[in-house]
């Protein structure tokens, strides 16, 4: 297993600030241009997704969409921790630290969503910045508000047993 790595406070704040202020077309076809501006490497490109290396290796970033329109940019802020109690604790600790760093830089989050993959959100006019804790890593995402509303609705229906 590779050595655990995580973004520094300065890297996290810089990436979050740049994502919040990015002005781009939200077209999958324009992801290579976006990637170049951020220093990411495009690994594969398909009509509705682009896989990136954002500095954490293969598949450390992805832009997903539908009908040629991007809906979410998902970027690793850590490597993947070991699949054991210590590794999962390492990822939870990183999420807590990064949440504190981003709250200090961006202000209080708009919402916090607990659960298996906890999220801290800062809602913008068109897109929401999301800090997401996965079981063994942490991601920073910029997600179109229209897509996020549909995703939240689907999760709510599933939790209520209606799907």
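The values are calculated or read from the model by the stated rules, or taken from the named source; none is laboratory data. Values in this document were obtained by computation on a predicted structure and should not be read as measured data. With ideal geometry, Cβ positions are generated from the backbone for all residues, glycine too; neighbour counts draw on all protein chains shown.
Pick from the range 96-117 the residues that are touching a helix residue (DSSP H, G or I) at 6+ places or on another chain (Cβ under 7 Å) and either at pLDDT below 95 or over 20 Å from residue 148 (Cβ atoms) (or both): which of them is surrounded by the fewest Cβ atoms within 10 Å (Cβ to Cβ)? Out of the qualifying residues, it is 105.
Is it true that residue 143 is buried (at least 18 other Cβ atoms within 10 Å of the Cβ) and on the phi < 0 side of the Ramachandran plot?
Yes.
Within the range 100-118, being under 14 Å from the mean Cα position of the chain (by Cα) and within 17 Å of residue 19 (Cα to Cα) holds for one residue alone: 102.
Looking only at the range 45-54, how many residues end up being out of contact with any helix residue (DSSP H, G or I) (no Cβ under 9 Å at 6 or more places or on another chain) and touching a residue at least 12 places away in the same chain (Cβ under 8 Å)? Going through the range 45-54 one residue at a time, the tally reaches 1. State yes or no: is residue 93 over 19 Å from residue 123 (Cα atoms), surrounded by 16 or more Cβ atoms within 10 Å (Cβ to Cβ), at pLDDT 95 or above and out of contact with any helix residue (DSSP H, G or I) (no Cβ under 9 Å at 6 or more places or on another chain)? Considered against the rule, which asks whether it is over 19 Å from residue 123 (Cα atoms), surrounded by 16 or more Cβ atoms within 10 Å (Cβ to Cβ), at pLDDT 95 or above and out of contact with any helix residue (DSSP H, G or I) (no Cβ under 9 Å at 6 or more places or on another chain), residue 93 comes out as no.
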